[in-house]
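Shown next, in structure tokens, is the structure this report addresses.
No lab work stands behind these numbers, since they all come straight from the coordinates. These figures come from a predicted structure and were not determined experimentally. Glycine also receives a Cβ, built like all others from the backbone with ideal geometry; neighbour counts cover every protein chain displayed.
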Ligand code: BGC
């Protein structure tokens, strides 16, 4: 079968290659891959800056934002042929650490976790894949066109959960949220903010394309004229930072309302330097009881929360987040990111 594979660490090595058909184990589903979403992490892997091949192998099948249809399922496992499914990305470390032992593999303490399509286990960008029933999640059949948004939605569901947990250390009734970045993480974060009844503001750079309209149709406010203007309008109680851009990260930390919470979700490359007024920043954080929390990945609870959020969302709005669908052979086009893209999908069907 065909799969999209990469030599981790080697820029320009992403290619469609022939790999053996997977054989499901006794507790595994055999799944026909329908599509994978492409995100910044995938582009970093394709650029040779991130990613690890499975032990003893050179190439890694990429793709962690999955969507597939069950072909074969073990009896009594709760899945049937035809079910729409996504696969969970992370697996606990082998030890396991305390967090992984408690099912919180998204909070792994020793870094020896593995991730499908990213770290030491093959991903989902293949015509067929297998997944353990315990790491597969069934989706509502209505989500057939947009189910590849499930994984980014899980990341955002966890980010909001973290904000709420951090907020609950004292009285917390946030009114406004600012989301920096109107990619799929940013727009899904905005969706979940609106679902929580917040006045949501979204900041991005572009003025054209679908992003301004997608934000407006959520009932949120779109900003494209820089962080200062967005912060003046939003006076945010909560910031979900989804760009990883240093200026925005530190700018957001310095501009929340009192008791502000900034949740950082953007993974940035090393080596970006910035001059900051550390004194003012520290003083603001202390005098306002502000909090900054990093959030990555998602565990099974976040998959359940994301499925709820997607089920409550307007399907046609979700459909508009998938701005391009590219067949497997045209993968290079999908990995060429354009400022107005929200989510680009690689379709896997023949
Ligand atoms: C994925 C996460 C993963 C992280 C770090 C993100 O793009 O969505 O599931 O944990 O990259 O590898």
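Dividing the convex hull volume of the alpha carbon atoms of segment 221-350 by its residue count gives 169 Å³ per residue.
Per residue, the convex hull spanned by the alpha carbons of segment 1-101 comes to 138 Å³.
When 185, 292 are sorted by how many other C-beta atoms sit within 10 angstrom of their C-beta, beginning with the fewest, the order is 292, 185. Of the residues 271, 87, 279, the one that moves most in a GNM of the chain with alpha-carbon contacts below 10 Å is 271.
Considering all C-alpha pairs of segment 44-100, those separated by over 13 Å amount to 75%. When peptides 92-103, 34-45 are sorted by average Cβ neighbour count within 10 Å, with the highest value leading, the order is 34-45, 92-103.
As a rough guide to protection, the peptides 67-74, 308-315 ranked by mean Cβ packing within 10 Å, highest first, stand as 67-74, 308-315. Taking 0.36 nm per residue of sequence separation and removing the Cα-Cα distance, the residue 287/residue 71 pair yields an extension gain of 72.0 nm. For the chain, the longest principal axis of the Cα atoms and the long axis of helix 184-195 meet at an angle of about 60 degrees. Inverting the mean 1/r over all pairs of different Cα atoms, compute the Kirkwood radius of the chain and quote it in Å. Hydrodynamic radius (Kirkwood, Cα only) of the chain equals 20.7 Å.
Relative to the globular-protein estimate of 2.2 N^0.38 Å, the Cα radius of gyration of segment 78-205 stands at 1.23. Only DSSP H runs of four or more residues enter the estimate; each adds -39500 (n - 2.57), and after division by the residues of the chain the mean residue ellipticity at 222 nm equals -8000 deg cm²/dmol.
Summed over all non-identical Cα pairs, the Kirkwood treatment of segment 154-294 gives a radius of 14.9 Å. As a length-normalised measure over Cα pairs under 8 Å and 6 or more apart, the relative contact order of the chain settles at 18 percent.
Going by alpha carbons, how many degrees (0 to 90, nearest 10) lie between the helix axis of 150-167 and the longest principal axis of the chain? So the helix axis and the longest Cα principal axis differ by about 40 degrees.
With N the number of residues in segment 275-350, Rg(Cα) / (2.2 N^0.38 Å) evaluates to 1.73.
The peptide list 236-248, 258-270, put in order of mean Cβ contacts within 10 Å with the highest first, becomes 236-248, 258-270.
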